[in-house]
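Structure record follows, encoded as structure tokens.
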Amino acid sequence: MGTSPDLAAFPGQSVSSYDVTGRLGTDYYAVFADIPAEDRAVWERAQAYIDEVGPAMRAAWDAADYPMDIARRLGALDLLNDGIDHPDLTRFSPLAAGLVNMEVSRGDGSLGTVIAVQGGLALRTLALFGSPAQQETWLAPIARAEVPAAFALTEPDHGSDSVSLETTARRADDGGWVLRGAKKWIGNGAAGGVTFVWARVDDEGADDHAAVRCFLVEQSAPGYIGTVITGKGALRGIHQAHITLDDVPLPADAVLPGARTFRDASTVLYSTRSGVAWSALGHATACYEAALQYAQQRTQFGKPLARFQMVQERLAQMLEELTAMQLYCRHLADLEASGGLRPTQASLAKYHNTRAARRIAATARDLLGGNGILLENGVIQHMADIEAIHTYEGTESVQALLIGRDITGVSAFA
Ligand SMILES: Cc1cc2nc3c(=O)[nH]c(=O)nc-3n(C[C@H](O)[C@H](O)[C@H](O)COP(=O)(O)OP(=O)(O)OC[C@H]3O[C@@H](n4cnc5c(N)ncnc54)[C@H](O)[C@@H]3O)c2cc1C
């Protein structure tokens with residue numbers, strides 16, 4: 001049996017691997033130089049966490065495995081708040097919440113999506129619309145990620161037009177509810193926890209007939225069938241579910257009293273859109289920094305790639321876009337902190353940042369040559385994961401339509 005060869009000993013094989021996944025702290029315009037100490041402490045907590053779990057998540061992505069123990073630690077470390085303002089939750093400033101989204105996505109997009117789902121969508125829905133009793137029972141366990149939580153709005157037939165959702169909620173004879181319908185793409189939807197299901201009241205003659213309400217559903221309820229979606233080429237380290245609701249019986253107090261129209265679901269989505277802009281920044285930062293480090297380490301034609309003019313130009317173009325993304329995010333946080341953030345301003349940031357992140361990832365992938373498709377160098381995983389965040393919380397075209405409606409005063413959705 002042979003021992004593994006010393007790679008440097010063979011002509012044409014002087015380097016066994018490249019060291020490109022380290023953090024460089026790129027901040028060309030000092031956008032993050034004056035972060036308050038309190039926010040910086042949260043940021044550093046996220047950095048330490050992702051540095052520790054990053055390698056395990058790369059393996060999880062490769063195996064399409066959702067490591068719940070790693071996801072749960074986000075809660076144990078109190079990193080799931082996502083800027084939600086509630087007296088029983090730790091308060092993060094919008095800046096701290098953004099930095100957590102950025103940093104975790106810089107390390108691993110699946111965990112970035114755990115924050116978006118468990119914190120941004122599910123916890124926020126409960127904090128905004130839940131009854132005191134619902135909050136008493138579920139708020140802390142969800143914030144600590146002891147209970148996985150999901151937000152189920154999208155249906156197989158209704159994605160961008162989720163306003164047309166068809167899942168029904170009928171009043172039962174015992175005063176409770178019965179849910180019937182289907183949901184698709186639901187993060188944590190088959191994780192053994194709870195799901196906030198958005199459904200349309202089917203009760204002819206009642207005041208709220210056809211209104212969209214939200215229901216707290218334990219995933220162990222009879223008729224709740226959550227099936228993990230397999231074969232994904234992005235965000236492979238978190239599971240999304242296809243859910244069938246086959247006459248799921250619920251008690252009367254399962255409805256969230258504060259959620260009364262589709263507009264309430266939109267309020268949650270508007271709030272989490274900023275988080276996606278920050279996540280895109282995290283992905284793009286990882287790709288740019290990998291490209292820069294690779295250009296310095298990889299030699300061709302007797303020189304490091306970084307010595308070639310075209311390579312420098314491409315690095316400069318990536319930095320130009322990355323800096324714009326950082327400025328968007330920082331200003332977004334400042335606007336939100338001042339209470340002056342309009343939903344379409346968050347849309348513009350998501351629109352810009354996921355588009356720019358795609359371009360940066362594609363350039364980085366190319367600059368790493370064949371090594372760009374190896375998971376060990378990170379870029380291809382980020383490139384794939386950006387595709388998912390580009391689509392969720394409203395696609396590129398939906399953001400454009402929201403912005404277009406705002407600036408023209410005319411809706412072009414249908
Ligand atoms: C990884 C992942 C995680 C997700 N997590 C959740 C979750 O936890 N909970 C949840 O409820 N949902 C979730 N979603 C669903 C997500 O919000 C939807 O995928 C998204 O809203 C788009 O819907 P769709 O995929 O059905 O695409 P479609 O709406 O079918 O869109 C297809 C294409 O048509 C375009 N299009 C649609 N309408 C128009 C129009 N009027 N004008 C021009 N172009 C248009 C779109 O921009 C897109 O390019 C997730 C999705 C993914 C991929």
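The values are calculated or read from the model by the stated rules, or taken from the named source; none is laboratory data. As the structure is a prediction and not an experimental result, all values here were calculated from the model. Glycine also receives a Cβ, built like all others from the backbone with ideal geometry; neighbour counts cover every protein chain displayed. Accessible surface areas use protein heavy atoms only, side chains included; no ligands, DNA or RNA. Shrake-Rupley method; radii C 1.70, N 1.55, O 1.52, S 1.80 Å.
Summary of values
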{"quantity": "Enumeration of residues in the range 60-94 that are open to solvent by less than 60 Å² (accessible area, probe 1.4 Å) and in a helix (DSSP H, G or I)", "calculated": "ALA60, TRP61, MET68, ILE70, ALA71, LEU74, GLY75, PRO94"}
{"quantity": "Cβ pairs under 6 Å, 6+ apart, first in the range 342-359 and free of Cβ contacts under 8 Å to residues at least 12 places away in the same chain and on the phi < 0 side of the Ramachandran plot, second in a helix (DSSP H, G or I) and of a type outside the set (Val, Ile, Thr)", "calculated": "none"}
{"quantity": "Counted residues, the range 142-197 - those being within 30 Å of ASP78 (Cβ to Cβ) and polar (S, T, N, Q)", "calculated": "3"}
{"quantity": "Some residue of the range 372-387 being more than 23 Å from LEU99 (Cβ to Cβ) and outside any helix (DSSP H, G or I)", "calculated": "yes"}
{"quantity": "Which numbered condition ALA291 fails, given (1) open to solvent by less than 20 Å² (accessible area, probe 1.4 Å); (2) farther than 19 Å from ARG23 by Cβ; (3) small (Gly, Ala, Ser)", "calculated": "(2)"}
{"quantity": "Cβ-Cβ under 6 Å pairs, at least 6 apart or on other chains, the range 198-214 side in contact (Cβ under 8 Å) with a residue 40 or more places away in the chain and open to solvent by 20 Å² or more (accessible area, probe 1.4 Å), far side assigned to a strand (DSSP E or B) and of a type in the set (Val, Ile, Thr)", "calculated": "ASP208/VAL201; ALA211/VAL201"}
{"quantity": "First in the range 227-239 and in contact (Cβ under 8 Å) with a residue 24 or more places away in the chain and within 19 Å of PRO156 (Cβ to Cβ), second anywhere and β-branched (Val, Ile, Thr) and within 9 Å of the ligand (Cβ to nearest atom), Cβ under 8 Å, 6 or more apart", "calculated": "LEU235/THR113; HIS239/ILE229"}
{"quantity": "Candidates ARG106, ARG45, filtered to the one that is open to solvent by 20 Å² or more (accessible area, probe 1.4 Å), under 22 Å from THR354 (Cβ atoms) and modelled with pLDDT of 95 or more", "calculated": "ARG106"}
{"quantity": "Enumeration of residues in the range 224-283 that are in contact with a Phe, Trp or Tyr (Cβ under 9 Å, 6 or more places away or on another chain) and in a loop (DSSP other than H, G, I, E, B)", "calculated": "ILE229, LEU235, ARG236, GLY237, ILE238, HIS239, PRO251, LEU256, PRO257, GLY258, ALA259, ARG260"}
{"quantity": "Residue in the range 390-408 that is open to solvent by less than 10 Å² (accessible area, probe 1.4 Å), within 14 Å of the ligand (Cβ to nearest atom) and among the acidic types (Asp, Glu) present", "calculated": "no"}
{"quantity": "The range 246-277: number of residues that are in contact (Cβ under 8 Å) with a residue 40 or more places away in the chain and open to solvent by 50 Å² or more (accessible area, probe 1.4 Å)", "calculated": "11"}
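Residue-wise test of (1) more than 16 Å from the ligand (Cβ to nearest atom); (2) touching a helix residue (DSSP H, G or I) at 6+ places or on another chain (Cβ under 8 Å); (3) not small (Gly, Ala, Ser).
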{"residue": "THR154", "(1), (2), (3)": "no, yes, yes"}
{"residue": "SER164", "(1), (2), (3)": "no, no, no"}
{"residue": "THR168", "(1), (2), (3)": "yes, no, yes"}
{"residue": "ALA190", "(1), (2), (3)": "no, no, no"}
{"residue": "GLY205", "(1), (2), (3)": "yes, no, no"}
{"residue": "HIS209", "(1), (2), (3)": "yes, no, yes"}
{"residue": "VAL212", "(1), (2), (3)": "no, yes, yes"}
{"residue": "GLU218", "(1), (2), (3)": "yes, no, yes"}
